[in-house]
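Before any comments, here is the structure.
Rule-based calculations on the coordinates, nothing more; no lab input. Owing to the predicted nature of the structure, the values given are computational and were not obtained by experimental measurement. Cβ coordinates were reconstructed from backbone atoms using ideal geometry, including for glycine residues, and neighbour counts include every protein chain displayed.
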Amino acid sequence: MSNLFLRFLTAVVAVPLLILAIAWQEPYGVWAWVLIAQVAGLREWMNMTLPTDPKATRFLGVLAGVAYGNLLCWVPDGHVQMFGLFAVTALGLLYFLFAHGAIETVAARLSMWLAGILYAGVLIVPLLMFKTTPKLGGCFIYLCLTSAWVSDTGAYFAGRFLGPYIPAKLWPAVSPKKTWIGSVGGLLGSLLALVVAKLWYLPQLSWVDVVAIAVPANILGQLGDLIESLIKRSVGVKDSGVLLPGHGGMLDRIDALLLVVPYVYAYAYLFLRS
């Protein structure tokens with residue numbers, strides 16, 4: 001079965017469920033997707049970066065990341081969120097003190113454990129906050145998803161059809177296949193997604209908003225993709241996991257979103273709520 005067909009089959013199943021979750025007036029459908037992304041992403045991160053650690057270490061990382069991520073989702077009080085960060089950090093420090101294993105590797109392993117909680121447990125949280133923040137809503141979730149996914153499509157076709165004529169590599173040490181022309185195609189795809197959003201389901205966007213969201217979000221999305229490639233290359237794996245047929249792991253699918261979503265939420269919260 002070809003990779004392209006597997007991608008199509010995954011999309012046919014997942015996209016309608018995602019649309020239903022976003023369209024539901026209550027936030028619980030989107031929360032379910034965020035929870036799935038957190039659990040799967042944290043598991044992949046811990047398995048990639050701490051492959052020789054006991055299962056208990058990786059399980060505790062998943063549990064701590066999901067717990068702290070959901071605290072941010074559902075408890076808006078800043079002091080409680082701060083105490084949660086203190087608790088998760090202290091938990092990691094104390095756990096590695098008493099279950100340190102090879103002492104010469106503790107600093108690197110503890111750093112990866114804590115980084116995973118922030119990377120895979122926290123950065124996706126604003127996707128739910130669009131649903132729980134007054135005057136925003138699910139339309140901004142569509143904006144984030146289409147900005148990232150249409151960018152991927154634009155980059156793919158630009159790289160495939162124009163790459164042979166403009167072969168300059170974007171960042172060969174991190175991702176040898178990515179080209180500058182693919183990056184430009186991705187940027188044009190993100191701009192197209194924002195134009196469609198303005199003309200269709202987010203008419204309150206100005207043309208300045210279209211550019212101010214599309215360009216930084218696309219740059220951040222491409223950097224997010226490169227960051228995950230860097231992590232995978234550093235630990236010697238091709239895909240973060242095998243959760244999604246045709247797509248690899250969860251982190252392979254949401255790596256761009258992990259930087260796009262916080263930026264779009266911050267922009268919408270600061271400039272578009274009125």
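Placing unit charges on the Cβ atoms of the charged side chains and taking the dipole of region 3-271 about its Cα centre, the candidate lying farthest along the positive direction among Q81, S111, V215 is V215.
Remark: region 134-144, residue by residue, has Karplus-estimated 3J(HN,Hα) of x, 6, 10, x, x, 4, 6, 5, 4, 4, 4 Hz, where x stands for each Gly or Pro and the curve is 6.51 cos²θ - 1.76 cosθ + 1.60 at θ = phi - 60°. Over the chain, Cα pairs under 8 Å with separation of 6+ residues give a relative contact order of 22 percent. Centre-to-centre, using Cα atoms only, region 171-250 and region 42-82 are separated by 25 Å. How high is the FRET efficiency between I103 and F83 when r is their beta carbon distance and R₀ equals 25 Å, given to the nearest 0.05? So the FRET efficiency works out to roughly 0.25. For region 121-130, 3J(HN,Hα) computed residue by residue from phi via the Karplus equation (6.51, -1.76, 1.60; θ = phi - 60°) reads x, 10, 5, 7, 4, x, 4, 6, 5, 4 Hz, glycine and proline entered as x. A simple rule links phi to the HN-Hα coupling: the Karplus curve 6.51 cos²θ - 1.76 cosθ + 1.60 with θ = phi - 60°, which for region 13-19 gives 7, 7, 4, x, 5, 5, 4 Hz, with x for Gly and Pro. For region 3-271, the spread of Cα coordinates along the three principal axes comes to 56, 46, 32 Å, biggest extent given first.
For the listed residue pairs K169/K232; K55/K232; K131/K232, the alpha carbons are over 29 angstrom apart in K131/K232.
Helical runs (DSSP H, four residues minimum) scored at -39500 (n - 2.57) apiece and divided by the length of the chain put the mean residue ellipticity at 222 nm at -24000 deg cm²/dmol.
Given springs between every Cα pair under 10 Å in a Gaussian network model of the chain, which of G182, G101, G116 has the largest fluctuation? Its mean-square fluctuation being the largest, the pick is G101.
Of all aspartates and glutamates in the structure, the ones whose alpha carbon falls short of 20 Å from that of K135, not counting any fewer than 8 places away in one chain, are E26, D77, D209. Amide H contacts for K178 (H built 1.01 Å from N in the peptide plane; partners 5 or more residues away or on another chain; cut-off under 5 Å): L170, W171. Computed from the C-beta positions of S206 and A173 and an R0 of 45 Å, the FRET efficiency is 0.70 to the nearest 0.05. Sorting 159-171, 23-35, 140-152 by average packing, meaning the other beta carbons within 10 Å per residue, from highest down gives 140-152, 23-35, 159-171.
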